[in-house]
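Take a look at the structure below.
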Amino acid sequence: MSSDEATSPEQEESIVAETEAQETEVSDVESEAGTESEEGTAEDVSIEQLQAQLAAAQAKVQDQQDSVLRSQAEMQNVRRRAERDVENAHKFALEKFATDLLPVVDTLERALQSVADAESESGVESTREGVELTLKMLSDTLTKHGVVQVDPVGEPFNPEFHQAMSMQPNPDMEPNTVMAVLQKGYTLSGRLARPAMVIVSKA
C-alpha cells in the first residue's frame, strides 16, 4: 500500500466523528418527525372533541327551542280555551232564565188553543187578542236573546233536536217524518235547551 492510500489515525478519527455526527443528525430528524406526528395526532383528537362538543351544544339548543315552541303552543291553547269559556259563559248565562220561561209560553199557547176552540164571543175574542199579543211579545223577547223555537212538523226526525213520543203509520208521509208536535222545542244560541216532543211516521 502506498503512502497516499494509507490512512492515518487522525484521518480515521475524523471519519468516525463525521459518521457519528451524521447518525446523530438522522436520529434528531427522526425524533422531530415523531414529535410532529404526535402533535398532529393530538391536534386531530382535539378537533374531533370540539366537533363533538359543538354537536352536543347544537342539539341542546334545538331541544330548548322545541321546548319553547311547545310552551308557546300550550299557552295559546290555554288562552283559546279561556276565551271560549268566557264566550260561552256570556252566551249561555240566560239559559236557566230562558228554560224557566218556556212553560209560560206553553201555557199561553194552550190558552190560545182553548179560546180558538170555544164559541166566538166578544169577551172571548178580546181575551184571545190579549193572549196573542202577550205571547208575541214574549216570543220576540226570547228570540232577541238567542232563544229559537223548534217546531219541526213535516221535517225528517232529528234525534239531536226531537224526542219521539210515539210512532204511527201515515201513508201520506215518508217514514221517519215528524207528523205532529206535542210540545215545541227550543235552542239557545244554537244549543238545545229543550227537545221538541213529536209523533213520528212509520211505514
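Within the stretch 59-77, is there a residue that is of a type outside the set (F, W, Y), under 22 Å from V147 (Cα atoms) and either modelled with pLDDT under 85 or not assigned by the TED database to the domain that holds L188 (or both)?
First, pick out the residues of the stretch 59-77 that are of a type outside the set (F, W, Y): 59-77.
Keeping just the survivors that are under 22 Å from V147 (Cα atoms) gives none.
No, every residue in the stretch 59-77 fails to be of a type outside the set (F, W, Y), under 22 Å from V147 (Cα atoms) and either modelled with pLDDT under 85 or not assigned by the TED database to the domain that holds L188 (or both).
Scan the stretch 153-174 and tell me whether some residue there is surrounded by 12 or more Cβ atoms within 10 Å (Cβ to Cβ) and among the hydroxyl-bearing types (S, T, Y).
Looking through the stretch 153-174, at least one residue is surrounded by 12 or more Cβ atoms within 10 Å (Cβ to Cβ) and among the hydroxyl-bearing types (S, T, Y).
The values are calculated or read from the model by the stated rules, or taken from the named source; none is laboratory data. It should be emphasised that the depicted structure is a prediction, and the values quoted were computed from it without experimental measurement. Using ideal geometry, Cβ is built from the backbone for each residue, glycine included, and neighbour counts are taken over all protein chains shown.
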